[in-house]
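Visitor: Before I ask anything, here is the structure I am working with.
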Amino acid sequence: AKYVYDFTEGNRNLKDLLGGKGANLAEMTNLGLPVPPGFTITSEACRHYLAEGSTPGGLEQEVAEHLDALENRMGRKLGQADDPLLVSVRSGAKFSMPGMMETVLNIGLNDESVHGLAKQAGGNERFAWDSYRRLIQMFGKTVLGIDGELFERALDAVKGRRHDTDLDAGELQRLVETYKGIVREQTGGDFPADPREQMRLAVTAVFDSWNAPRAVLYRRQERIPADLGTAVNIMAMVFGNYGDDSGTGVAFTRDPGSGLQGIYGDYLQNAQGEDVVAGIRNTIPLQELERLDKHSYDELLAIMETLENHYKDLCDIEFTIERGKLWMLQTRVGKRTAAAAFCIATQLVDQGLITLDEAVTRVTGDQLAQLMFPRFDADADRKTIAKGMNASPGAAVGRAVFCSERAIELSGQGEDVILVRRETNPDDLAGMIAARGILTSRGGKTSHAAVVARGMGKTCVCGAEDLEVSTEECRFTAPGGVVVSEGDLISIDGTTGEVFLGEVPVVDSEVVEYFEGAEPGSELVRAVDRIMRHADAGRRLGVRANVDTPQDAARARRFGAQGIGLCRTEHMFLGERRRLVEDLVLASTDDERQAALDALEPLQKADFAAIFQAMDGDPVTIRLIDPPLHEFLPDIVDLSVKVATSPDVTDKDRELLTAVKRLHEQNPMLGLRGVRLGLVIPGLFAMQVRAIAQAAKEVPGSRPEIMIPLVAAVQELESVREEAVEILAETGVDALIGTMIEVPRAALSAGRIAEAAQFFSFGTNDLTQMCWGFSRDDVEASFFSRYLDLGIFGTSPFETIDREGVGRLIEIAAKEGRATRPDLHLGICGEHGGDPGSVHFCHEVGLDYVSCSPFRIPVARLEAGRAAL
Ligand code: PEP
Ligand code: MG
């Protein structure tokens, strides 16, 4: 295998191998942009290292050859005493994991080459010693595993109240000695002086950082597979810390919050690497670079335009200016908010850069779901206590907490929390995940808090500089003497950047209002409208709703549902009607049972009629009653206690208890439910079918579909079907009769079952439960996190269809069912029907529709459109 690629050898399509950073550095190199020369070690080498514990054979040789070539090209050797080449060693996985893995700059410095570097820089001693102390600090922390605080404290001790740029050469030289002492103390060995050894150690440290706890957590959150590994980029150093004619910055080609075109970025003079995002000094807005260095500024804007036109998308970049010369250190298609994603996609269409088809692929169902979140009520009373940057949109209300641990603790107790920090760093990740929103007092739109929150779709306000945050005392002070302590309620608006005291009421999103029927007004809603229309026009999958009330049915229709794919009937037996169900269960004679059913029938008929009305001629799949009967009866423990202790126990209570005991099951999900109930309790299904037929007669144009749950064998279905056909014939009503496929045996005998079914609807909740043997009510809370850690699956199979197992059952059933009955109609009505990945699967295996809860309908429409492209 080839494990090392020069930047001139790669391109942007090689992300699997070279990681995002490496692939894009190669792309920029090939575009002729000013990228320092270098090479990339593949993620394949990393995977080998992680699996075997050693680098693959031949890697060292290949790296040495590429380093030789780099040295020849630069005319200096790595760490050469009188004129050193220095390199950076940077991580870069296929999917960006901001700040989660390691980077080491200035590799190649030691006690000799530091003098050579000063000479190279025209006698700039200060710069050379600053670079050296940075190397020991970064190397010590990331490669040698020393607590970074130790270095920070030593730096602070020298710096006092000054900036790092105020330290002179002598102070920095002494700091280097202090740092070397820390290394000796902490590791029992000296800082490695051999440049090639430094590089080799840095490379394996980057490999190892793939499995750092925060990287593992980030991947799980972002659903990035655990086994990809990271590539490593080795690049000739360029220096932003030469002096005031140098610096480093980050920029977006347009606003990642709104999509607006303009100049968005931060710049920091006389700085290196992470300084910009770490918030060590205040950055300046990128616009001000024009004043400082017009030549570099103009070149940067031209490059940004080149990149946008080339990638046909928003890009973010990192750059460094070394003594007036601009260098590009990174670019990638940038992360953006959900709103910006829609706006940018349609802007690019208008600019003629992409087609509407492409625009549909540029947005996701998850982003659309985010836009359907509520926002703060503009008319409500509210007390603004600060304003920061609108880093990630949404409206979050919660109790202020000041550290990750408390965020996790309180949210674990069911409290909504807002994590408040001066700034966040990767160690805060777990707290950020636990929080409803994130508020920081420092850092801009490119700060860690902002980038990570946007990626997670979490509300974030950052850089609210008026807030004095004391994490030690667990409180913050706002102007006017307002003090917010841990546990106090605050509200933050990630769309405007406002921070409010107390709880502000929230209202529906404008996107939801649009789906409810409002005219598209804002740019965002117009963009959503355009993209949804195009997705609808292109999709093959129908989208139906899982609803069981006329109100929800009406909403689902407004959201674009083309029918009801699952109308559960069990909720219709609750409340007042419980008593009738009790009568049914307690009936000891046929007459008593029939009386109970007769009482239920008109009620059911009215239920169905109202739903048919709401659906106005669209198909309505009604599932006959499914859950075990005891779910409609009093709790066995409560009732036992009552019968044993209460003075006014009636005979009916005693009878009921006997019945409850009789119906009690150890494993009710696998017990007397679904079609089994229909076969065991005479007249129950017939009553429901009759109610459906009567309702259909009453509402002309209605299209009922009768669905039998939990069928495993064609014989079960046949006997229910015969009865239903008879009732329909008596009433003269036309209705399809079909079944759910939610027992593995049904999937495996689908060819037979299709003889008696006009449609199948995959009940993937039960199908997953029974295929895996996972109790759907218990496992997610009990051990799924361990399974996710172990990589047994990347997402819960209850959330996204497990293609290998459950998916295969669906494929078999679809194929064999259609072999029997070519016009067999196929749908899905488990929770997966509204999950983006599962919608794509349903498209691929040729289902006719997906059915999901009302708020997921727009998501399913969009994803069905994307799947068809
Ligand atoms: C299913 O099992 O996927 C299903 C839709 O039915 P329920 O969730 O009601 O069991
Ligand atoms: Mg089910």
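Please treat every number below as a calculation from the coordinates, not as lab data. Since the model is a prediction, treat every value here as computed from it, not as a measurement. Counting neighbours? That spans all protein chains shown, and the Cβs are built from the backbone with ideal geometry, glycine included.
Visitor: Neighbour counts of other C-beta atoms within 10 Å: give me SER796, SER522 arranged from fewest to most.
Guide: SER522, SER796
Visitor: Now, a different point. Tell me, what is the percent relative contact order of the range 247-333, built from C-alpha pairs under 8 Å that lie six or more residues apart?
Guide: Computed over the range 247-333, the figure is 30 percent.
Visitor: Using θ = phi - 60° and the Karplus relation 6.51 cos²θ - 1.76 cosθ + 1.60, list the HN-Hα couplings for the range 253-260 in order, rounded to whole Hz, with x at every Gly or Pro.
Guide: 6, 7, 5, x, x, 10, x, 4
Visitor: Shifting gears a bit: Could you tell me what a quarter of the Cα convex hull surface of the range 670-741 works out to, in nm² with one decimal place?
Guide: For the range 670-741, averaging the hull's shadow over all directions gives 4.6 nm².
Visitor: State, in angstrom, two size descriptors of the chain derived from its alpha carbons: Rg to one decimal place and Dmax to the nearest whole number.
Guide: 32.2, 106
Visitor: Going by the alpha-carbon gyration tensor, a ≥ b ≥ c the square roots of its eigenvalues, is the range 63-201 rounded (a/c under 1.5) or, if a/c is not under 1.5, prolate (a/b greater than b/c) versus oblate?
Guide: oblate
Visitor: Output the relative contact order of the chain, whole-number percent, from Cα pairs under 8 angstrom with separation of 6+ residues. Each step should come with its number before you reach the end.
Guide: Working: 1804 pairs, mean separation 77.8, N = 869.
So the answer I get is 9 percent.
Visitor: Would you give the gap between the C-alpha center of the range 715-764 and the C-alpha center of the range 221-244, rounded to a whole Å?
Guide: Taking the Cα centre of each part, the range 715-764 and the range 221-244 sit 57 Å apart.
Visitor: Compute the distance in nm between two label points, each set 7 Å from the Cα along the Cα-to-Cβ direction, one at ASP156 and one at LEU260.
Guide: Here the modelled spin labels are 3.8 nm apart.
Visitor: Figure the gain on full extension for ASP16 and ALA868 (residue separation times 0.36 nm, minus the Cα-Cα span) and round it to one decimal in nm.
Guide: Length gained between ASP16 and ALA868: 304.3 nm.
Visitor: Can you compute the helix-only [θ] at 222 nm over the chain? Use -39500 (n - 2.57) per DSSP H run of at least 4 residues, normalise by all residues, nearest 500 deg cm²/dmol. Each step should come with its number before you reach the end.
Guide: Values: 36 runs with 389 residues, N = 869.
For the chain, the value works out to -13500 deg cm²/dmol.
Visitor: Would any residue of the range 812-849 have its amide N under 14 Å from a label point 7 Å out along Cα→Cβ of LEU748? List them or say none.
Guide: Output list for this probe position: 812-813.
Visitor: I need the shape label for the range 471-580. Rule: rounded when a/c is under 1.5, else prolate if a/b > b/c, else oblate, with a, b, c from the alpha carbon gyration tensor.
Guide: Here the range 471-580 falls in the oblate category.
Visitor: Using the C-alpha atoms of the range 4-236, what convex hull volume per residue, in cubic angstrom, is computed? Numbers along the way, then the final one.
Guide: Values: hull volume 31.1 nm³, N = 233.
With only Cα atoms used, the range 4-236 gives 134 Å³ per residue.
Visitor: What is the distance in Å between the Cα centroid of the range 626-658 and that of the range 775-805?
Guide: 36
Visitor: Compute the Rg to Rh ratio over the range 725-774 from the alpha carbon atoms, using the Kirkwood formula for Rh, and round to two decimal places.
Guide: Here the Rg-to-Rh quotient is 1.13.
Visitor: Any idea how far apart ALA302 and ASP734 come out in nm if each label point goes 7 Å out from Cα toward Cβ?
Guide: Simple spin-label model gives 7.1 nm for this pair.
Visitor: Sticking with this one: Go through the range 584-596 residue by residue and turn each phi into a ³J(HN,Hα) via Karplus (6.51, -1.76, 1.60, θ = phi - 60°); whole Hz please, and just put x for glycine and proline.
Guide: Working through the residues one at a time gives 4, 5, 7, 3, 9, 10, 4, 5, 4, 5, 4, 4, 5 Hz.
Visitor: Something else: Hey, any idea what the orientation-averaged projected area of the convex hull of the range 204-276's Cα atoms comes to, in nm²?
Guide: Over all viewing directions, the range 204-276 projects a mean Cα-hull area of 7.3 nm².
Visitor: How many angstrom lie between the C-alpha centres of the range 278-350 and the range 501-525?
Guide: So the separation of the two Cα centres works out to 31 Å.
Visitor: To continue, here is another question. In whole angstrom, and with the biggest value first, how far do the Cα coordinates of the range 373-507 range along each principal axis?
Guide: 38, 31, 31
Visitor: Net charge near ASP591, counting Lys/Arg +1 and Asp/Glu -1 over other residues with Cβ under 14 Å of its Cβ?
Guide: Details: positive: ARG593; negative: ASP583, ASP590, GLU592, ASP598.
Result for the neighbourhood of ASP591: -3.
Visitor: Testing the spin-label approximation: label points 7 Å from Cα along Cα→Cβ at HIS571 and ASP227. State their distance in nm.
Guide: 4.1
Visitor: Also: Counting only DSSP beta bridges with both residues in the chain, what percent are antiparallel, rounded to the nearest 5?
Guide: In the chain, DSSP labels about 65 percent of beta bridges as antiparallel.
Visitor: Something else: Output the antiparallel fraction of DSSP beta bridges having both residues in the range 373-507, as a percent to the nearest 5.
Guide: 70
Visitor: Need one word for the range 792-864: rounded, prolate or oblate. Basis is the Cα gyration tensor (sqrt eigenvalues a ≥ b ≥ c); a/c below 1.5 gives rounded, then a/b vs b/c decides.
Guide: Judged from the Cα gyration tensor, the range 792-864 comes out oblate (a/c at least 1.5, b/c at or above a/b).
Visitor: State the extension gain, in nm to one decimal, for the chain segment bounded by VAL649 and ALA169, taking 0.36 nm per residue of separation less the distance between their alpha-carbons. The partial results should precede the final answer.
Guide: Numbers: separation 480, 0.36 × 480 = 172.80 nm, distance 9.08 nm.
163.7 nm is the gain from fully extending VAL649 to ALA169.
Visitor: Mind listing P(r) for the range 29-90? All alpha-carbon pairs, 5 Å bins, whole percents.
Guide: Result, from short to long distances: 4, 15, 20, 21, 18, 14, 8, 2, 0 percent.
Visitor: I would also like to ask the following. Going by how many other Cβ atoms sit within 10 Å of their own, how do GLU465, GLU730, GLU716 line up, fewest first?
Guide: Lowest count first: GLU730, GLU465, GLU716.
Visitor: Order of LYS21, LYS141 from fewest to most other C-beta atoms within 10 Å?
Guide: Details: LYS21 27, LYS141 19.
Lowest to highest Cβ neighbour count: LYS141, LYS21.
Visitor: Something else: Want the number for LYS661 to GLU513: 0.36 nm per residue separation, take away the alpha-carbon distance, what's left?
Guide: Answer, rounded to one decimal: 48.4 nm.
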